[in-house]
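This report concerns only the one structure given below.
Read-outs throughout are calculated quantities, based only on the coordinates presented, and are distinct from any laboratory measurement. What you are looking at is a predicted structure, and each value in this text was computed from that prediction instead of being measured. Methodologically, a virtual Cβ is constructed for each residue, glycine included, from the backbone with ideal geometry; neighbour enumeration extends over all protein chains shown.
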Ligand SMILES: [Fe+2]
């Protein structure tokens, strides 16, 4: 489904990789040292968060850090400036909310301390009033030990108003926990700390490692980000009271989440909630009269535990979930559809409804839901026996595929970790979107593959479109179900009525353009994550006209 654009880039070398990930450079001679470039985020029409990290020559020193925002790269027209501090308690991170800016404007910014100046970043405020066009880059699932962040490099080189990062910005796994052997052994994309991130220092160190990546630095330096976490900034398949990748030996779950949340707040250019770094991250951004960006937390804020087919074929919370049981599809289906189960929590569900109602009543054209997991229904694909036989999959993997295909004949969904695992909650949201006549554009990450859906409620009322963005570097379905991509795509479409297009095998990002007339999506796929030389293959544009609530 893609056309090839020969845009070849020869990329620069590793750059900052040799520098300490977050600790002191022992040979440091400068009085202040900017360790991780600059970043900006959460733009509003008059302000934006500016971020850097600067360490003093002597560990116990508090640095005064000056920041400036200017209209020009030479900083001859400074429009805002101020002072902040770099302190050890906040991991030497400096975050300021630069106010007094003009709407829809590009700015340059930088920091300085003791005569040392940071790199210069570019950022942009959100527009007000009539907005002819607004262009967003959408990213997710950047896994350092799986390969290079070539997709970030391409985003850095593209003219965008903002980057939405929908989570899995880091991964919490230990060395070799979720890694590509070539990337680790040949490209030396090894993680620190070597163990799984559990304590505050672990999460800080992991962010510090990721942010030495020159492509990630480039995209932060070039564009403002609006971020939400998915599970891996916390622990795999997190829900409000636990995670698949958390056990008792790893200590108290809530303490771990506090650490993960603090490190996220420190390292990401996100505006800290009024209640502090443990506050909710769901929030809203107005893009003039054109759109509201409604950013959700489908992971931690109020999410009930997700089901797993093996473990929860019969779901009886009062019984040890590990006890082997015979499958009982009817009981499973009933439990899956329990209306009390929620992906958002009651408070966030209300906030979402209020946000959509306010957006439509103020006349904003588009209601964009920036969130983590796929909203569209994904059925279980039926793969031909010949394709499975030729796949090279292990016998155990083939058996699991057969088990899943048997579930598929029962109309059950492929992924219980997405909105498909919370069907009653999804239906409540779908009806609300239909009732308010929103022009919904749902954006999702998480799967590492590219998806496009026409969304509808159970009454078949169209509610809008969804784009699932491909991962930056994490492996996708080609890794788990190595059958011909075209056959898999067709089988997924056959099993999923709203699925308009899917790419099951490539990494990249999504470019979403909103205008008063239409919304357009274009995927940009990178040819490799295992070489810094790469091509970009861009899909044809997919268009949703305003009022249509489906792709044309
Ligand atoms: Fe991911």
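Computed values, structure above
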{"read-out": "Helix 485-495 vs. the chain, principal-axis angle (Cα, 0 to 90°, nearest 10)", "value": "60 degrees"}
{"read-out": "Length-normalised contact order for the range 334-429 - Cα pairs under 8 Å, 6+ apart - percent", "value": "47 percent"}
{"read-out": "Relative packing of 127-136, 387-396, 535-544, which averages over residues the other C-beta atoms within 10 Å, highest first", "value": "535-544, 127-136, 387-396"}
{"read-out": "With Cα atoms, 0 to 90° folded angle of helix 346-361 axis to the chain main axis", "value": "80 degrees"}
{"read-out": "Sequence-separation-based contact order of the chain, relative, with Cα cut under 8 Å and 6+ spacing, percent", "value": "16 percent"}
{"read-out": "Euclidean distance between Cα centres, the range 217-261 to the range 466-540, Å", "value": "25 Å"}
{"read-out": "Helix-only CD estimate at 222 nm, as mean residue ellipticity for the chain, using -39500 (n - 2.57) per DSSP H run (n ≥ 4)", "value": "-6500 deg cm²/dmol"}
{"read-out": "Alpha-carbon centroids, the range 197-211 and the range 57-94: separation in whole Å", "value": "23 Å"}
{"read-out": "Cα centroid separation - the range 362-381 against the range 122-194, whole Å", "value": "21 Å"}
{"read-out": "Geometric extent, Cα atoms of the range 31-125 - Rg, Dmax (angstrom)", "value": "12.9, 41"}
{"read-out": "Long-range Cα-Cα pairs in the range 451-552 (distance over 23 Å), rounded percent", "value": "32 percent"}
{"read-out": "Residue 362 paired with residue 394, simple spin-label distance in nm, labels 7 Å along Cα-to-beta-carbon", "value": "5.3 nm"}
{"read-out": "Mean Cβ neighbour count within 10 Å, used as a protection proxy, ranking 465-475, 251-261, 91-101 highest first", "value": "465-475, 91-101, 251-261"}
{"read-out": "Using alpha-carbon coordinates, inclination of helix 200-210 to the longest axis of the chain, degrees", "value": "80 degrees"}
{"read-out": "From the C-alpha gyration tensor of the chain, square roots of 5λ in Å", "value": "37, 27, 24"}
{"read-out": "Percent antiparallel among DSSP beta bridges (both partners in the chain, rounded to 5)", "value": "75 percent"}
